[in-house]
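**Student:** Once you've had a glance at the structure underneath, I'll fire off some questions.
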Amino acid sequence: MSIKDIIEGKKEWRAHMARVKALPQDYCIVYKEIQTYLFKVGPVELTEGTGLLSGIIDLFEEGAGMGKGVLEVTGSDVAAFCDDLIKDSKTYADIYQESVEQEVHKAMKKVTDKKK
């Protein structure tokens, strides 16, 4: 990654956050909770730019423009809304689980081979 890439990434992030701050307060609050949730759950695509998060802002801008409250857009269960957004995304938990399964498989193969 070059310095230019880092600078472009920071510019993109600042522009992204400016869009968040322009939303009505209820949308800002829910957006920040969604962002925190997604960073903790860890969909891998979050490291590849602001695509998913920008899509949420697009949805929020549209909802706010129509005069809807944020929970009319997301539903009352915001965590379920997030889970639905990333249901087809690979998460760091998925990668870790695959790694554990591979290690267990290797270890069991060694045990089985020793018994022969």
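Read-outs throughout are calculated quantities, based only on the coordinates presented, and are distinct from any laboratory measurement. Predicted model only: the values in this text are computed from it and were never measured. Ideal geometry is used to build each Cβ from the backbone, glycine not excepted, and the neighbour counts take in all protein chains shown.
**Student:** Can you sort V30, V78 so the residue with the fewest Cβ neighbours within 10 Å comes first?
**Tutor:** If I rank by nearby Cβ atoms, fewest first, I get V78, V30.
**Student:** Another question, then. Hey, got the dipole for the chain? About the Cα centre, +1 on K and R Cβ, -1 on D and E Cβ, debye to the nearest 20?
**Tutor:** 780
**Student:** Still on this structure: Whole number please: convex hull volume per residue of the Cα set in the stretch 3-88, in Å³?
**Tutor:** 88
**Student:** For T91, list long-range residues whose amide hydrogen, built 1.01 Å from N in the peptide plane, is under 5 Å from its own amide hydrogen.
**Tutor:** Residues meeting the criterion, in which the H sits 1.01 Å from N, are V44.
**Student:** Quick one: if the Förster radius is 22 Å, what FRET efficiency do A80 and A15 give, using the C-beta to C-beta distance and rounding to 0.05?
**Tutor:** The calculated FRET efficiency here is 0.15.
**Student:** Now for a different question. So, counting K/R as plus one and D/E as minus one, what does the shell of residues with Cβ under 13 Å around E62 add up to?
**Tutor:** -1
**Student:** Strictly over 20 Å apart at the Cα level, which of K32/K68; K10/K32; K11/K68 would you flag in this model?
**Tutor:** Flagged as over cut-off: K11/K68.
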